[in-house]
Amino acid sequence: MADISKQEPDNPKQRPAKLTGAEILWATLEGEGVREVFGYPGGAILPVYDALRKFPIKHILVRHEQGAVHMADGYARASGRVGVAMATSGPGATNMVTGIATAMLDSVPIVCITGNVSSKVLGSDAFQEVDITGITMPVTKHNYLVTRAEDIAPVVRDAFRVATTGRPGPVLIDITKDAQQATADFDFAAAAPPAAIAHPMLRAERAAIAEAAKMILESKRPVILAGYGIIKSGAEEQVRTLAERAELPVACTLLGLGSFPASHELNLGMMGMHGESWVNEAIQSADLLIACGMRFDDRVTGTLASYAPKAKKIHIDIDPAEINKNVRVDVALTGDLKVVLDNLLPLIPKRSGAPWLKTIRASKGTAAVRDITNLPDTGHLYAAHVIHDLWRETHGECVVATDVGQHQMWEAQYFKHEQARSLVTSGGLGTMGFALPAGIGAKVACPAKEVWVIAGDGGFQMTACELSTIAQEQLDINIAIINNGYLGMVRQWQEFFYEKNYQSSPILSPDFAILASAHSIPSATVRTRGEVLPAVREARKTRGPFLINFMVEKEESVYPMIPAGAALHEMIRRPQTPPRNPILESAEDE
Amino acid sequence: MLHTFVALVGDKPGVLTRVASLFRRLNINITSLTVGASERAAVSRMTIVADAPPTATHRIMASLYKLEDVIEVDDIDRFSSVSRELALIKVAANAQTRSHLFELANVFRARVVDLAPESLMVEMTGSASKIEGLLQVLVESGDTVLEVSRTGRMVMRRGHHTSRVLEALRDTSSTGKPGGAGIEPDLLDLVPEDLPEEATSAD
């Protein structure tokens, strides 16, 4: 076979020729702009791996297929481009499921490609055969089973369309081995998906937009709820213009962090279960909520019966199925946020929100005295201090991939995100083990950016095998392990709601410094506040990966906290004086 | 309450699973689901009857539209429509008891399509309530119903102005037949009262 990638390297889109299905797959991926693929080979996908050498696409070998999908996910979240993951049939495919569900819940555009047994033996329980299209149906936006080489190009192109249009999401393509081996004509242009039909339920009528504008101008206590949809739509400027022109305070969801600059005077911070008290208080006493690309998740609303009882609601979202799903809204504008706001903004004149902003500022001032970073240094190393110092040292100018649990919430509270796509975290599914592989994906997507992985000692161990991937690829990634010897968030719930019965939450970890050195990765272990900055500086200075094991206070909790099922204002706040041993102090219930 | 949706879907493997799976995910029971060929090539038409809270309509429609294979969904409950169901009913009957069944079938505009020494089979097409009426009469008259097979309902909107209707009418006007050009869409609406009794939806 001739080296087709070198025949017409500048014009992959015009390469009509007879190719194998495997070659068609790579050629189509190349045509779609794919430069990197995360994957793991195996019997049913070997023809595809065999053909890779003819194409200018880099393959990153992972250590577990879940990692491959998280990497594709982190790649997509950090860059906005489609992430691609690849695995073989059977166990390779089933290992991807957690990663796919993670991307589904956060609407991340990724394309997963699996090999499958030959179409002649489909359904016969052949070696490493599994019905992966059946298994992933509920956790993909769409999936395909391809049994003929000539279908590969149109299906791959359609998959990219599905993944990126409307509300984005993960797509899986299962390709049988005989389809990879058979030959067919390849014509990238002819394989383009048909023009999309307008979604009949997407509507933002002029009258509804005018009604929304009227509601905004008449409101006395409005709050913008900024969600991940702002970043996906690229509507950061529009939201900022709206907020500034009408002086509307902005509260962010976890995934909405970075959609509105953290330092902006109108940014209140994060809302929800571990949101700051003044943010949730503002939402509870608001008379108008303007929800932009968010879906009123239960972690954001608390109990629905008492959620923002005085507020009218405007909901702008691209997915009609989200309208009135959790919270009944007064005006629904379904469509691309950017387009909707472009139509809304001309109807919004300048307006002052001074009295309402003053009220919020006052409650913010009261809450600040409880903030751990404002408390006197007692010599203890708190995770909040670590993250606060990391933020100050990097000036927030890096991509942070967090795992799931206490450290994720502390990061959301103490790391100030000024830029969209500077936080990569699993919100909807809450997938432990996400941070390390997602951080790898982010670094591959944005090699010029500084990348920090922040993970707990529990979550880190779930996908710690990917350290080996980092070492093999010599990726310049800094890893901060917030090590408290517990599954911290589980322990916190056990402390608050299960009478401190710490069943199965203490966790033994290996010496992470030795683990790092086993991968030839330099590391530092930090036990006091004074050691934080030197270690962070060393990590940043070091070319290639660096791991810091932060041995933090064991039994510290994330405050404030809204217990599951409670109302947004019924939060548990940090005890006012810094407890030497927080566990001895009972949580103050307000 | 019962919701009825008519959906145009791609005719390919897995589409039925995707639609059925969606209702399962929403924890909604499908009362009946019929699928068959439509007027378009490679496109099937489904009638889905589901038991869900009155407020679920929007959620179901929007969720159906999220399936890539779904082309169009119609919330048929909002419009006047014709609803039909086919039932095959096997009733125990011998030479002595069979004659009143022929009478019954006649009254219900059903047809006897098979005759065996100990049973006969009745075919009936109609609205669901008419079929239930026949079954009830059979039970009340002491007949033993041996087997019932029902298709579930198929529903079609009356005078629904799809772009294809307008196109078809424009075509006739260009060939010189009257009535095509300039027809206001609303004029195409046939109200149920204007139709013969038999064609009127009974439920």
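The values are calculated or read from the model by the stated rules, or taken from the named source; none is laboratory data. The structure displayed is predicted, hence computed values, not measured ones. No Cβ is skipped: glycine too gets one built from the backbone with ideal geometry, and neighbour counts run over all protein chains shown. Accessible surface areas use protein heavy atoms only, side chains included; no ligands, DNA or RNA. Shrake-Rupley method; radii C 1.70, N 1.55, O 1.52, S 1.80 Å.
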| said: Of everything in region A:63-92, what is of a type in the set (A, V, I, L, M) and within 18 Å of A:T463 (Cβ to Cβ)? Give them in sequence order. | reply: A:A68, A:V69, A:M71, A:A72, A:A76, A:A78, A:A85, A:M86, A:A87
| field | Single unsatisfied condition, B:T47 versus (1) open to solvent by 20 Å² or more (accessible area, probe 1.4 Å); (2) of a type outside the set (A, V, I, L, M, F, W, C); (3) touching a strand residue (DSSP E or B) at 6+ places or on another chain (Cβ under 9 Å) | value | (1)
| request: Filter region B:29-51 for residues that are away from chain A (no Cβ under 14 Å) and of a type in the set (A, V, I, L, M, F, W, C) and give the result. | output: B:I30, B:L33, B:V35, B:A37, B:A41, B:M46, B:I48, B:V49, B:A50
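Might you let me know whether region A:379-393 holds any residue that is under 18 Å from A:A212 (Cα atoms) and open to solvent by 10 Å² or more (accessible area, probe 1.4 Å)?
Narrowing region A:379-393 to residues under 18 Å from A:A212 (Cα atoms): none.
For region A:379-393, residues under 18 Å from A:A212 (Cα atoms) and open to solvent by 10 Å² or more (accessible area, probe 1.4 Å): absent.
Being hydroxyl-bearing (S, T, Y), open to solvent by 80 Å² or more (accessible area, probe 1.4 Å), closer than 20 Å to A:M462 by Cβ and out of contact with any His (no Cβ under 7 Å at 6 or more places or on another chain) narrows it down to one of A:S504, A:S520, so name that one. Please lay out each step first, then the result.
Numbers: A:S520 fails: closer than 20 Å to A:M462 by Cβ.
Residue meeting the stated conditions: A:S504.
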| Within region A:144-161, is there a residue that is open to solvent by less than 10 Å² (accessible area, probe 1.4 Å), modelled with pLDDT of 95 or more, over 20 Å from A:Q181 (Cα atoms) and among the aromatic types (F, W, Y)? | no
| remark: Reported set for region A:539-561 where residues are open to solvent by less than 50 Å² (accessible area, probe 1.4 Å) and either hydrophobic (A, V, I, L, M, F, W, C) or in contact with a Cys (Cβ under 8 Å, 6 or more places away or on another chain) (or both) is A:A539, A:F546, A:L547, A:I548, A:F550, A:V552, A:V558, A:M561
| field | Test: A:T147 is at negative phi and either among the aromatic types (F, W, Y) or within 14 Å of another protein chain (Cβ to nearest Cβ) (or both) | value | yes
| message | If I go through region A:282-304 residue by residue, how many of them are more than 14 Å from chain B (Cβ to nearest Cβ), closer than 19 Å to A:L257 by Cβ and of a type in the set (D, E, K, R)? | response | 3
| query | So which residues in region B:1-28 are away from chain A (no Cβ under 14 Å) and polar (S, T, N, Q)? | reply | B:T4
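Matching residues to (1) more than 25 Å from A:L105 (Cα to Cα); (2) away from chain B (no Cβ under 14 Å); (3) open to solvent by less than 50 Å² (accessible area, probe 1.4 Å):
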| position | (1), (2), (3) |
| --- | --- |
| A:D174 | no, no, yes |
| A:K177 | yes, yes, no |
| A:F188 | yes, yes, yes |
| A:I224 | no, yes, yes |
| A:G227 | no, yes, yes |
| A:K232 | no, yes, no |
| A:L248 | yes, yes, yes |
| A:E276 | no, yes, yes |
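Suppose we keep only residues that are of a type outside the set (G, A, S) and touching a Ser or Thr at 6+ places or on another chain (Cβ under 7 Å) within region A:162-172. Which one would you say is surrounded by the most Cβ atoms within 10 Å (Cβ to Cβ)?
Restricting attention to region A:162-172, the residues satisfying the condition of being of a type outside the set (G, A, S) are A:162, A:164-165, A:167-168, A:170-172.
Those still in the list that are touching a Ser or Thr at 6+ places or on another chain (Cβ under 7 Å) too: A:167-168, A:170-172.
On the way: A:R167: 18, A:P168: 22, A:P170: 35, A:V171: 29, A:L172: 29.
Per the stated criteria, the residue is A:P170.
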| remark: Checking B:T17, B:T31 in turn, the sole residue that is free of Cβ contacts under 8 Å to residues at least 24 places away in the same chain and open to solvent by 70 Å² or more (accessible area, probe 1.4 Å) turns out to be B:T17
| note | Looking across region B:117-137 at residues that are touching a strand residue (DSSP E or B) at 6+ places or on another chain (Cβ under 9 Å) and more than 20 Å from B:G152 (Cα to Cα), the single one that is surrounded by the fewest Cβ atoms within 10 Å (Cβ to Cβ) is B:E118
| message | Tell me the residue from A:L268, A:L202 that is touching a Lys or Arg at 6+ places or on another chain (Cβ under 9 Å) and open to solvent by 10 Å² or more (accessible area, probe 1.4 Å), please. | response | A:L268
| request: Scan region B:69-89 for residues that are within 14 Å of chain A (Cβ to nearest Cβ) and touching a helix residue (DSSP H, G or I) at 6+ places or on another chain (Cβ under 6 Å) and report the count. | output: 4
| request: Say whether the condition of being touching a helix residue (DSSP H, G or I) at 6+ places or on another chain (Cβ under 9 Å), hydrophobic (A, V, I, L, M, F, W, C), surrounded by fewer than 17 Cβ atoms within 10 Å (Cβ to Cβ) and not in a loop (DSSP other than H, G, I, E, B) is met by at least one residue in region A:320-338. | output: no
| said: Among (1) open to solvent by less than 40 Å² (accessible area, probe 1.4 Å); (2) at pLDDT 95 or above; (3) not in a helix (DSSP H, G or I), there is one condition A:V536 misses while meeting the rest; what is its number? | reply: (3)
| query | Filter region A:63-107 for residues that are part of a loop (DSSP other than H, G, I, E, B) and among the charged types (D, E, K, R); which is least open to solvent (accessible area, probe 1.4 Å)? | reply | A:D106
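Filter region A:305-340 for residues that are among the aliphatic types (A, V, I, L, M), within 14 Å of another protein chain (Cβ to nearest Cβ) and closer than 14 Å to A:A208 by Cβ and give the result. Spell out the reasoning first.
The initial filter retains those residues of region A:305-340 that are among the aliphatic types (A, V, I, L, M), namely A:305, A:308, A:311, A:314, A:316, A:318, A:321, A:323, A:327, A:329, A:331-333, A:337, A:339-340.
Filter again for within 14 Å of another protein chain (Cβ to nearest Cβ), leaving A:318, A:321, A:323, A:327, A:329, A:332.
A:I323, A:V329, A:A332 - these are the residues of region A:305-340 that are among the aliphatic types (A, V, I, L, M), within 14 Å of another protein chain (Cβ to nearest Cβ) and closer than 14 Å to A:A208 by Cβ.
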| request: Only residues that are under 21 Å from the mean Cα position of the chain (by Cα) and within 10 Å of chain A (Cβ to nearest Cβ): list them for region B:52-64, please. | output: B:I60, B:M61, B:L64
